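The values are calculated or read from the model by the stated rules, or taken from the named source; none is laboratory data. Predicted, not measured: the structure shown is a model, and the values here were computed from it. We place every Cβ from the backbone using ideal geometry, glycine too, and count neighbours over all the protein chains shown. Note: areas computed on protein heavy atoms with side chains; ligands, DNA, RNA excluded. Shrake-Rupley method; radii C 1.70, N 1.55, O 1.52, S 1.80 Å.
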Amino acid sequence: MTAQLERGGGVAVWRQIAQILATEIGERRYGEGLPDDRLPSETELAQRFGVNRHTVRRAILGLSEQGLVNVEHGRGTFVQAGAIGYVIGRRTRFTENLSQHNLKTAQQILSAQKVKAEAAVAHALEIRVGAPVYRVELTRRSLDTQGIELPLAYSENWFPAARFPDFPDVFAQHTSISATLASFGVTDYTRRESRIGARLPDGEIARHLGINRQQPVLSVESTDVDEAGKPVKYGIAYFPADRMQLVVQGEMA
């Protein structure tokens with residue numbers, strides 16, 4: 001069946017194809033019956049999307065530039081080995097994201113304390129500089145089939161203290177950001193903005209992710225808002241680049 005592409009909508013067809021394939025890679029659709037996680041051939045993809053092979057080739061080049069696939073001339077296009085596709089959309093939830101890959105996850109609260117909002121935090125949460133906020137540090141790990149924990153993310157998160165009094169105590173009970181916010185009446189929240197970058201980690205980030213300081217990390221700086229558009233959380237998450245691939249989906253693309 002030909003995938004639905006929007007022509008003349010302002011987004012290049014090759015880019016739409018790349019987004020569709022990136023999402024499917026993140027959902028681990030490739031590998032079932034295809035050796036070494038090989039993508040379908042250019043001819044097969046051209047038939048599927050109803051485009052020419054040049055358009056498909058440009059989409060695959062885009063995936064390669066994102067680090068999602070490797071193109072081996074004469075053999076085909078292969079999903080980058082070892083990387084977990086982490087989807088960033090309007091509702092980005094870590095546990096739900098990883099559960100789509102049938103991965104069990106564990107979370108550890110490293111610290112939770114009330115601090116004064118610095119300029120960047122105050123700007124994101126739309127509060128005054130120096131206003132009280134709760135800063136919560138978390139690590140997230142996956143559990144492999146042998147029960148071995150593998151660090152996947154380290155994050156710093158800030159919540160306005162005036163709106164969420166005693167946030168650390170409530171969070172310790174629920175161990176879920178979504179459940180904690182719901183207990184304060186925020187039953188739904190969405191991602192207003194995500195800023196994606198890459199860098200070499202400092203000593204603290206490297207230690208929490210179990211990597212050395214020469215291994216690059218992906219970073220996502222984000223702001224989440226409630227249904228009225230008021231910020232409820234500002235955060236910065238770091239992912240090991242060799243373990244995680246960030247897939248931008250839907251309205252965030």
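Points worth noting:
- Residue in the stretch 151-164 that is in contact (Cβ under 8 Å) with a residue 12 or more places away in the chain, open to solvent by 20 Å² or more (accessible area, probe 1.4 Å) and among the acidic types (Asp, Glu) present: yes
- Single residue of the stretch 167-181 satisfying the filter (open to solvent by 50 Å² or more (accessible area, probe 1.4 Å) and in a helix (DSSP H, G or I)) that is nearest to VAL115 (Cα to Cα): ASP169
- Screening ALA172 on (1) without any contact (Cβ under 8 Å) to a residue 24 or more places away in the chain; (2) over 22 Å from ALA124 (Cβ atoms); (3) more than 21 Å from the chain's Cα centre (by Cα) shows it passes everything except condition (1).
- Applying the condition of being hydrophobic (A, V, I, L, M, F, W, C) and in a strand (DSSP E or B) to the stretch 182-205 and asking which residue is farthest from GLY229 (Cα to Cα) yields ALA198.
- Matching entry among PHE159, PHE164 (being assigned by the TED database to the domain that holds LYS114, at pLDDT 95 or above and assigned to a strand (DSSP E or B)): PHE159
- Options LYS116, LYS104: the member that is farther than 26 Å from LEU246 by Cα and either assigned by the TED database to the domain that holds LEU218 or at pLDDT below 75 (or both): LYS116
- Within the stretch 144-156, tally of residues that are modelled with pLDDT under 95 and under 18 Å from the mean Cα position of the chain (by Cα): 4
- Residues within the stretch 206-243 that are without any contact (Cβ under 8 Å) to a residue 40 or more places away in the chain, more than 28 Å from PRO165 (Cα to Cα), part of a strand (DSSP E or B) and open to solvent by less than 30 Å² (accessible area, probe 1.4 Å), tallied: 2
- Meets criteria (open to solvent by 20 Å² or more (accessible area, probe 1.4 Å), of a type in the set (D, E, K, R), under 30 Å from LEU68 (Cβ atoms) and under 16 Å from the mean Cα position of the chain (by Cα)) for GLU193: yes
- Qualifying positions in the stretch 110-141 - touching a Pro at 6+ places or on another chain (Cβ under 8 Å) and open to solvent by 70 Å² or more (accessible area, probe 1.4 Å): GLN113, LYS114, LYS116, GLU126
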